[in-house]
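One structure below.
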Amino acid sequence: MRASRIEIIPTGKALGAEIQGIDLREIRADEFESIYRAWLDHQVLLFREQQLTDEDLIGFSRRFGELDWAPIQETGRRFVDGYPEIYIVSNVIENGEPIGSLGAGEASWHTDMSYLEDPPKASILYALEVPPEGGNTYFCSMYRAYDSLPGELRRRIEGFTLKHDATYNSGGYVRHGAAAIDDPLNSPGNYHPLVCTHPETRRRFLYLGRRRNAYISGLAVPESEALLDELWSHATQEACVWHSVWQVGDLVLWDNRCTMHRRDPFDAGSRRVMHRTQIKGEARPTA
Ligand code: OGA
Ligand code: MN
């Protein structure tokens, strides 16, 4: 059997590695195992120069587990006929309607679909068209965020649960079927432990999900807000973050449990088209 072609190049930052030497349309079982291991170790993997159809993207994604259907677009439309698993992130407008979500503005820090009882364990984003400038995606390690918390703060949050809002997506748009509300106590969403144990690595991580309408169960809203602000500024500091500059053909796979991501805005006059899949969680987030 020929040697594995895979080369793993860590970013040297808190998280992330580039995987070289592999065409994702044809991976052997042992190569997939190395990729899976590298993904658990580095949390975010970047593969460059891929040439994938939607079917190839779905095929690669399915190796990680069953896929979730994509959330319905802000306009109420489902994205790709015949491929309900594909979520399009795009600012492109065709026939007067956006072909995808999130527009050209900033997408604020978040974890995908954490408003569900069982959020996806991974997301995969594949770049079809990228703008000449901006629109880059940043990732932060919630292992690092937890491990580097001051001891007093770590003890203070032990046992807390946090509501993850279901009203707004990261672009600030109201989700399909939701009504605008900015009351953290009464907004819809699901509660998850604020500190979770990763079901595969058994490492602990801070689970913040999204800031807007977040609420720590049992606290008065002003106390919850103050504590969340403290945790958020700690988690999103430079030392926890890595970002990549998109090229067409890049595929980025992230562990959606122990990372968050955000996107820079870009010029609305240029085109950005990304296709995403999301892999179902196999276990509810647990402390
Ligand atoms: C996503 C997402 C940001 C981006 O696909 O989940 O948040 O970089 N995308 O487009
Ligand atoms: Mn996202």
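The values are calculated or read from the model by the stated rules, or taken from the named source; none is laboratory data. All values reported here derive from a predicted model rather than from experimental measurement. Backbone-built Cβ (ideal geometry, glycine too); neighbour counts: all protein chains shown. Each accessible area value is taken on the protein alone, full model and side chains, heavy atoms only, with ligands, DNA and RNA left out. Shrake-Rupley method; radii C 1.70, N 1.55, O 1.52, S 1.80 Å.
Results, tabulated for the structure shown:
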| item | result |
| --- | --- |
| Only Lys, Arg (+1) and Asp, Glu (-1) charged, at Cβ; the chain dipole about Cα centre in debye | 620 |
| Global geometry of region 71-122, whether rounded, prolate or oblate, following the gyration tensor of its Cα atoms and the 1.5 cut on a/c | oblate |
| Solvent-accessible area per residue for the chain (1.4 angstrom probe, square angstrom) | 43 |
| Spatially proximal lysines relative to LYS280 (Cα-Cα < 24 Å; intrachain offsets below 8 disregarded) | LYS121, LYS163 |
| Per-residue ³J(HN,Hα) for region 271-287, Karplus 6.51 cos²θ - 1.76 cosθ + 1.60, θ = phi - 60°, Hz, x for Gly and Pro | 9, 9, 10, 10, 10, 10, 10, 9, 9, 4, x, 9, 9, 5, x, 10, 5 |
| With all protein chains modelled, accessible area of TRP69 [1.4 Å, Å²] | 140 |
| J(HN,Hα) series, region 187-196, from Karplus relation 6.51 cos²θ - 1.76 cosθ + 1.60, nearest Hz, glycine and proline x | 6, x, x, 10, 8, 9, x, 6, 10, 10 |
| Built amide H within the under 5 Å cut-off of ALA122, gap 5+ | ASN256, ILE279 |
| Beta bridges by DSSP in region 7-279, antiparallel share as percent, to the nearest 5 | 90 |
| Rg(Cα)/(2.2 N^0.38 Å) for region 34-152, N = residue count | 1.20 |
| Solvent-accessible ranking of THR111, THR286, largest area first, probe 1.4 Å | THR286, THR111 |
| Karplus-derived 3J(HN,Hα), 6.51/-1.76/1.60, for each residue of region 159-166, Hz, glycine and proline x | x, 6, 10, 10, 7, 9, 5, 9 |
| Mean separation of Cα contacts under 8 Å (6+ apart) over length of the chain, as relative contact order % | 33 |
| Residue-averaged [θ]222 nm for the chain, counting only DSSP H segments that reach four residues, each worth -39500 (n - 2.57) | -5500 deg cm²/dmol |
| Computed over the chain, Kirkwood Rh from alpha-carbon pairs, angstrom | 19.4 |
| Trypsin sites (Lys or Arg not before Pro), loop per DSSP, at most 11 other Cβ atoms within 10 Å - longest free stretch of the chain | 3-201 |
| Distant-in-sequence amide H partners of ARG63 (H built 1.01 Å from N, under 5 Å) | none |
| Solvent accessible area, Å² - PHE64, 1.4 Å probe, full protein context | 10 |
| Accessible surface of region 7-279 [probe 1.4 Å, protein heavy atoms]: carbon and sulfur percent | 48 |
